[in-house]
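Down below is the structure, laid out as structure tokens.
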DNA sequence: CTGAAAGCGCTTACAG
DNA sequence: CTGAAAGCGCTTACAG
């Protein structure tokens, strides 16, 4: 069933049918009605390949998500999608591997789907090189700051990871913790975990507490089992730690389990703090003291920014979404 | 940059360039080499819309996933994707809403992407009506049994949910539990939760223990907070329950939290069991006694079945993947 | 308000 | 081994 069939059955020409399909003006009510009826009856759906091949101006917004298993992103995606659907924008969401090259993916998507804008959920700034100069549609990166980027027209909405991590370290120190362990991502400069790690260093410095990465830091990937293993390694090296700051909730969740398995109590013997504020943090035992990223703001600001950039010519912006330190049950006050 | 540009720059014709791009025979080494060089230099990538518009035989496999937040599916997807990439199959994965109509989505995807087969991750059998008769490419449903389907050529790989739930109920009864609560999905016939619920009924019947849905069953959606709320409702109605069977781990996770918040201990005062065997179940406190679905088998069998159906004409098959009852820490033996 | 025609970027017989 | 031509299903000026 093609547009040609619909034209023949309805007795109208190709052009008229096409106008009806695309809800364009310049069609008599009678024609519109009849054609619509034929379309419904024959269960016709336009071939979007032919369509996209023809249409010059992008009509769809692309969302590129890094990682299948990311709870924080899953949360943001839902909000992003509902925001776009509120304003009747069509969205195509694609997931790529956690370590995948989102720019390569974006380039292909732009040409294939005829995009008018892209939202990146998670990004490794290192991938955004000269290739981005080929891109002439607005791009917005969520959860990673893109201020330092020199290429293309890219905006971003993110929490100030460095400041947030710094605040958590200060909080732990205020609660009387001195020997604090940190577990987190690898320290490549372009990763979010790098900012968080920098924030930790700053937190220790500001509070005049020495931080010794050799004994108090263990890198780990963003997963429960990585958090579990890293915690064991950390406590093996340094059994006197009184608090662990996991650079993401999912790692903290693994850390809680590891500590329990060593027959150490959380928080009585060891306090644990996380980062992200995903739903697990509210249900685990004990409830996790963490940095909650304001995903509602990240999503709505991101969507608004992208829409603004699509409709008007404007400079790129880098917005900082709020975060808050959630005091739950997993950190104890040693001063009491 | 189009294929025409490449032809001009390289000095060859459109046809030859196309053959090189598609790695077809009938091109001199010299031509192939030169054209490949030009393609690389000019950073050309073929427009897949034009391509798909032309190509008659499907070249891509579609994967349709129901729900963004499903941990079990996230696990299976990873295995499915790596299995397909091992045999160099191209895959397009799309996520639809948990309550969305996967058949409508499949229909659109078939026409747009020129698919040669579809893998459904999660499905509501109720949607698979006459529309599926239009579909002439192989389909395989994962995690939901499709034996009862009369339309189209649809295979499936799933755990026997009814049997598994029955086994868990028997297990709980063996451990001395009589007043057992069940929380789970709504009881629409086409949902997985319906089979699991039926399995519970069977389990009680076989063990001659009465099951009173009014006091011992509370429906709930597949989320932590739904599990949390359902548990509160359940214990409110029936405070003497000694065990709760949550029809999915994610609900069980919420249930553990709810019980803790009522200052009841798990498992000492109330035992809790789950279903699925997602990674959370291994890390929560206490570790969850659950039914583990063999996701490796589901994924590999599903992929093999689809590939077989694509390459050979064969009858639809409905394979049952193994499950196992994992005895962890969340269920106590009342006989001791 | 309507239809005939051109063309989007590609693939695939066809003829050489 | 190679190129010219037809055509995939659509949209969009253009002329009426």
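The numbers here are math on the coordinates, done by the rules we state, and not lab data. Owing to the predicted nature of the structure, the values given are computational and were not obtained by experimental measurement. Don't worry about glycine lacking a Cβ; one is built from the backbone with ideal geometry, like all the others, and counts go over all protein chains shown.
Side notes on the structure shown:
- Where a label projected 7 Å from the Cα of residue B:92 along Cα→Cβ would reach, residues of region A:41-78 with amide N under 13 Å: A:47-53
- Compared with the dominant principal axis of the Cα atoms in chain A, helix A:224-237 is inclined by about 20°.
- For the residues of A:225-231, the average number of beta carbons from a partner chain within 10 Å of their own beta carbon is 1.
- If you plug the beta carbon distance of residue A:313 and residue A:78 into 1/(1 + (r/R0)^6) with R0 = 22 Å, you get a FRET efficiency near 0.10.
- Global geometry of region A:3-46, whether rounded, prolate or oblate, following the gyration tensor of its Cα atoms and the 1.5 cut on a/c: rounded
- Applying 1/(1 + (r/R0)^6) with r as the Cβ-Cβ distance of residue B:188 and residue A:160 and R0 = 60 angstrom yields a FRET efficiency of 0.85.
- Per-residue mean of C-beta atoms belonging to partner chains within 10 Å, peptide B:42-54: 5
- Using a 7 Å Cα-to-Cβ projection, residue B:328 label spacings across copies, nm, ascending: 1.7
- Label-point separation, residue A:8 to residue B:179 (7 Å along Cα→Cβ), nm: 7.3 nm
- To the nearest ten degrees, helix A:29-42 and the longest principal axis of the Cα atoms of chain A are 60 degrees apart.
- For region A:271-336 versus region B:1-38, the gap between their alpha-carbon centres in whole angstrom: 51 Å
- Extending 7 Å from Cα along the Cβ direction at residue A:24 and again at residue B:36 yields two label points whose distance is 4.4 nm.
- Region B:161-293: C-alpha gyration tensor shape, a/c 1.5 cut-off, then a/b vs b/c: rounded
- Projected label points at residue A:150 and residue A:1, each 7 Å from Cα along the beta carbon direction, are separated by 5.5 nanometres.
- Other protein chain C-beta atoms within 10 Å of residue C-beta, averaged over A:88-96: 2.
- A point 7 Å from Cα along Cα→Cβ stands in for residue A:5, and the other copies hold the same point at 3.7 nm, listed in rising order.
- Inter-part distance where region A:204-248 and region B:48-111 are each reduced to a Cα centre, Å: 40 Å
- Helix A:102-113 axis, angle to chain A major axis (alpha carbon atoms, nearest 10°): 10 degrees
- Placing a label point 7 Å from the Cα of residue B:104 along the Cα-to-Cβ direction, the distances to the matching points in the other copies come to 3.6 nm, shortest first.
- For the protein assembly as shown: rounded, prolate or oblate by the Cα gyration tensor [a/c cutoff 1.5]: oblate
- You can think of it this way: the chain between residue B:85 and residue B:336 has 85.3 nm of extra reach, that is 0.36 nm per residue less the Cα-Cα gap.
- Working note: 222 nm ellipticity from helices only, DSSP H runs with n ≥ 4, each -39,500 (n - 2.57), summed and divided by the residues of chain B, gives -13000 deg cm²/dmol to the nearest 500.
- For the listed peptides A:279-292, A:29-42, a ranking on the average number of other beta carbons within 10 Å per residue, highest first, reads A:279-292, A:29-42.
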